[in-house]
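First comes the structure, then the notes that go with it.
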Amino acid sequence: MAKKIPQPTTPPRERAFLVGADIHDRKQILSLEDSLAELALLSDTAGVDVVGELTQKLSRPHVETYIGPGKVEELKALVEETLAEVVIFDDELLPRHQRELEKALGHSVRVLDRTALILDIFAQHAHTKEGMLQVELAQYEYNLPRLTRAWTHLERQAGGGGGRAGSTGGVGLRGPGETQLEVDKRSIRNRIAHIKRELEKVEDHRMRYRAQRKRSRIPTVALVGYTNAGKSTLLNRLSKADVYVADQLFATLDPTTRRVQLPGDNTALFTDTVGFIQKLPTTLIVAFHATLEEIAEADLLLHVVDISHPNALGQFQAVEETLKEIGAGHIPMITALNKADRLKDPENARKILQNFPKSVAISAMKNTGIGDLLVLVQEELFEAYTNVHVRLPYKEGALISLFHELGQVERIEHERGGVVMHGRIPGRLLAQFSPWQAKANGHERHRSPEMEDETNTEEEV
């Protein structure tokens, strides 16, 4: 009888205890309860089992341990009782908070915050070179101020293949009187500088690619939305693509672009982007600058909302806030209320539509409402015109030609340094012309810096 070959066993998942604080006067879109529920989903996505949670109302965070000393003692007892190995806070902790909490709870218990947890998930889900570099950069910038000892333990967290800390030359020899910590920090700063140079190359490539797309005159639609709203499923449905889909937060990180046929024999490029979340770490917004520019450069935003979520409106607002942060708040937007098939009363979807601008109820999974959505996209990209009044320097000849070719010019005035154009343009072009918007009021019109410079030069001559 043949021997059974033992199969590798899956290592047990870590046990985590969650902590949330309701800080007085702090603006928060989701309630503390909803925020902790989201933190639990993030923990599950990261491969951690939640064994309990603790909350506290505070006028402001405690200077040493974030939560009060009494709560710290209560937390310590609960951690021992539940055999938790890691404690995860729902807000970003200062390095001092983390050190004091680990000291109070015992060094066998790790203390993380929401930012570190999201970074860990991103490291697991980034697969392209660009994505891995972006995650690695965010990790190092987050960990640098928290560095208190030799940093070789950070290697397992690095998101990039071959992108481990110090991989560009190692620690090297210490200078006179230089501590190991100082050497470690300098090595990490060198690695950060190297990653930024690599990402600049990626950004240059993206800029050339975007310029090529603009020359092709094919409009771009960026799918945005809260994480797990169903963007990837929708892109698959629209384009018959095979983007990875999973019922978990941040299932896909790397942007994917697909060509989609619209009604009226028109075509558009649809780009799936990273999902948003409340309290999105600043380090991630900075690190993913090149990727997020895909959103800021789009002709139209398609905001996908999970309408079956209890706090769909709060998630919608969280995404809008982030869009403003990355400079995309001015781009025309339509809303797809996804997962309408999960509503107990489908009639509710029609009522909910009133709360969202330019929206349509759909189910990407069940293929319902997709035709109506494409009609709305077609209208916004090719049929809806917007009144504009712009001042364009002569060096922006491509935009002047674009206005003549695709817009409806009602009046044009030639001035020193450029032209003032009044008329209507397709909504998809609004983002390209927005930097040159001028007030309709004659003598109070804003003169763009480029036109001002050219005018001043002529006057000096």
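Throughout, read-outs are computed from the coordinates displayed, never taken from laboratory work. Computed from a predicted model, the values in this text were never measured in an experiment. Counting neighbours? That spans all protein chains shown, and the Cβs are built from the backbone with ideal geometry, glycine included.
Which whole number in µm²/s is D for the stretch 14-76 by Stokes-Einstein, with the Kirkwood Rh taken over Cα pairs at 37 °C and 0.692 mPa s? Numbers along the way, then the final one.
Numbers: Rh = 12.6 Å.
Result for D is 260 µm²/s.
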Shape call for the stretch 303-444 from the C-alpha gyration tensor, a ≥ b ≥ c root eigenvalues: rounded (a/c under 1.5), prolate (a/b greater than b/c) or oblate?
prolate
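Report the full-extension gain for the segment VAL202 to SER401: residue separation times 0.36 nm, less the Cα-Cα distance, to one decimal in nm.
On the way: separation 199, 0.36 × 199 = 71.64 nm, distance 2.97 nm.
Full extension of this stretch gives 68.7 nm more.
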Could you check the simple spin-label distance between HIS422 and ARG13, using points 7 Å along Cα→Cβ, in nm with one decimal?
6.4
Sequence-distant residues sharing a close amide H with ALA384 (under 5 Å, placed H):
GLY427
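FRET efficiency for ILE218 and LEU313, Cβ-Cβ distance as r, R0 = 41 Å, nearest 0.05?
On the way: r = 33 Å, r/R0 = 0.81.
Using R0 = 41 Å, I get an efficiency of 0.80.
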Grab every C-alpha pair in the stretch 14-119, bin the distances at 10 angstrom width from 0 up to the longest one, and report whole percents.
15, 53, 30, 2
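Round to the nearest 0.05 the FRET efficiency obtained for GLU321 and SER108 when R0 = 45 Å and r is the Cβ-Cβ distance. Spell out each step's value before the answer.
Working: r = 38 Å, r/R0 = 0.85.
Step by step, r from the Cβ atoms, then E = 0.70.
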Convert each backbone phi in the stretch 294-304 into a coupling constant with the Karplus relation 6.51 cos²θ - 1.76 cosθ + 1.60 (shift: θ = phi - 60°), then list the ³J(HN,Hα) values in order as whole Hz, x for Gly and Pro.
4, 6, 5, 9, 6, 7, 8, 9, 10, 8, 8
Report the residues of the stretch 103-123 in range of a label on GLU64: point 7 Å along Cα→C-beta, backbone N strictly under 20 Å from it.
103-112
Extension gain from VAL409 to GLU74, taking 0.36 nm per residue of separation minus the Cα-Cα distance
113.6 nm
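Residue separation times 0.36 nm, minus the C-alpha to C-alpha distance between HIS194 and LYS351: what's the value? Walk me through the numbers before you get to the answer.
On the way: separation 157, 0.36 × 157 = 56.52 nm, distance 5.20 nm.
Using 0.36 nm per residue and subtracting the Cα-Cα distance, I get 51.3 nm.
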Set the Förster distance to 56 Å, then compute FRET efficiency between ARG26 and ARG259 from the Cβ-Cβ distance, nearest 0.05.
0.80
Starting from the 7 Å offset along Cα-to-Cβ, what nm value, one decimal, do you get for the label separation of SER434 and THR128?
2.3
For ASN228, residues with placed amide H under 5 Å, excluding near neighbours:
PHE250, ALA251
